[in-house]
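Report on the following structure.
What follows is calculated from the coordinates using simple rules that are stated; it is not laboratory data. Note that the structure is a prediction, hence the values are computed from the model and not measured. Every residue, glycine among them, receives a Cβ derived from its backbone with ideal geometry; neighbour counts consider all protein chains shown.
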Amino acid sequence: MLDDLDRQIIGVLHLLPRASWDEVASVVSVDASTVSRRYSRLVADNVLRVVGELSWTTYSTTYPVHLRIQTHSASPARILDDLAALPQTIHVASTYGLYPLFATIHAASEQETGEVLQAVYGMDGVSSIMTLPILTFGSKGSRWDPQLLTDPQREACRVLAVAAGELGAEDSAQAIPPSGMDPVEKRALSLLQREGRLSASRLARELGIANSTAQRMIRRFMDHQWFTPRVEIDGAYLGFEAPFVLSVKTSLDSAGEVARRLTEHPALRFVSQVASEYNMFCTGMARDREHLAQLINEDFGALPGVRDVSVDLFLTEAKRFWMSRGSGQRLNEFAPPPLV
């Protein structure tokens, strides 16, 4: 369904999700109208979406929790649907291995997290749950680069990013928005969350403010990492047929360095430290099972300080980043949480 030009456009958008069509066109060497037409087709076909990844502190007072779920009599597929239906579920998938279901939930508070966990425990067919509370994180999906561009194209993107002042800071800590954001700022964040490419002029019209005010607002949100535009597309469209969950056990004195090295690895989309014996928990993308074996043997398992690794392949992803997946892993409705 996607050709080389589609993939190049998507590659640019992963690095520069708010770039103008003229800027994208300058990188992929076609005219802007072609880029715009290709993008519109991918969005209309529910293959691609650019949304806004907001700082967790804008909608929660706590961090997410990963779940590994065992089942007994009920079909994992039915429980998968029940998990995906929970509004607090960010990510849910069926997997190979001891735990046939994986989920990440993010509730508005610790109390609500406990209530959601009780609801999951009470689902018919759930026999046990391993809870992995996130303590800190190294990277999130907005920083993932599928490596679809040539070196000259990547350099062109870097030049554009420098010119626009959009070389994003590392997600080493959660940026904390000021308490008591006014209603206009909250409305702006909500709009940008649903449409990561929303222009300053459109935002200004929606909010009834001046274009210059909207431009400053977007720049401020991005500089403080309250809002980061994020490309969502199923990895299979880009040649990644083996999404996986990686658990890593480190020695205590090497956890920080291992987390840094994992965060820098191009195959990993989300890297977190969790309260568990396997203290690093990541999700990632491999081209196929052979590529995944190479990553395990030559990259993850070979890191100094790593004592053990465990990997589970995804079978089906029913929901990721607040979006359920339809036929052919097309993107359904985006249902992010409300801002606090």
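Alpha carbon centre of the stretch 290-324 versus the stretch 193-217: separation in Å?
38 Å
List the aspartates and glutamates whose Cα lies under 12 Å from the Cα of Lys319, skipping any in the same chain that are fewer than 8 positions away.
By straight Cα distance, Lys319 reaches Asp81, Asp82, Glu232, Asp234, Glu333.
Contact order normalised by length for the chain, with contacts defined as Cα pairs under 8 Å and 6 or more residues apart; what percent is it? Write out the running numbers ahead of the final one.
Numbers: 607 pairs, mean separation 84.5, N = 340.
Rounded, it is 25 percent for the chain.
If I take R0 = 41 Å and measure r between the Cβ atoms of Ser254 and Asp223 in this structure, what FRET efficiency does the formula 1/(1 + (r/R0)^6) give, to the nearest 0.05? Show your work: numbers first, answer last.
Working: r = 33 Å, r/R0 = 0.79.
The value I calculate is 0.80.
Starting with the highest mean, order 54-63, 115-124 by the number of other Cβ atoms within 10 Å, averaged over the residues of each peptide. Display every interim value, and only then the final one.
Working: 54-63: 18.7, 115-124: 14.0.
My ranking of the peptides, most packed first, is 54-63, 115-124.
Do the sum for the chain: with -39,500 (n - 2.57) for every DSSP H run of n ≥ 4, divided by all residues, what is the mean residue ellipticity at 222 nm, to the nearest 500 deg cm²/dmol? Before the final figure, lay out the partial values.
Working: 11 runs with 117 residues, N = 340.
Calculated at 222 nm, the ellipticity per residue is -10500 deg cm²/dmol.
Taking the simple approach of a point 7 Å from Cα along Cα-to-Cβ for both Val43 and Asn332, what is their distance in nm?
2.2 nm
Let me have the relative contact order for the stretch 270-340, percent, based on Cα pairs under 8 Å that are six or more residues apart. Don't skip to the answer; put the middle values down first.
Values: 45 pairs, mean separation 9.6, N = 71.
Rounded, it is 14 percent for the stretch 270-340.
With only alpha-carbon atoms counted, please give the Rg and Dmax of the chain, in Å.
Using the Cα atoms of the chain, the pair Rg, Dmax is 20.0, 59 Å.
For Lys186, which aspartates and glutamates qualify as cross-link partners when the Cα separation must be under 20 Å and same-chain residues fewer than eight apart are set aside?
List returned: Glu53, Glu195, Glu206, Asp223.
Rounded to the nearest 0.05, what FRET efficiency is calculated for Asp124 and Asp22 with R0 set to 56 Å and r the Cβ-Cβ distance? Show your work: numbers first, answer last.
Numbers: r = 54 Å, r/R0 = 0.97.
FRET efficiency, Asp124 to Asp22: 0.55.
Using the Karplus curve 6.51 cos²θ - 1.76 cosθ + 1.60 with θ = phi - 60°, work out ³J(HN,Hα) for each residue of the stretch 124-132 in order, rounded to whole Hz, and write x for Gly and Pro.
Once θ is set to phi - 60°, the couplings for the stretch 124-132 become 4, x, 7, 9, 7, 9, 9, 9, 10 Hz.
Once a ≥ b ≥ c are taken as the square roots of the eigenvalues of the Cα gyration tensor of the stretch 30-126, is the result rounded (a/c under 1.5), prolate (a/b larger than b/c) or oblate (a/b not larger than b/c)? Please list the in-between numbers first.
Numbers: a/c = 3.32, a/b = 1.67, b/c = 1.99.
It is oblate, given that a/c is not under 1.5 and a/b is not larger than b/c.
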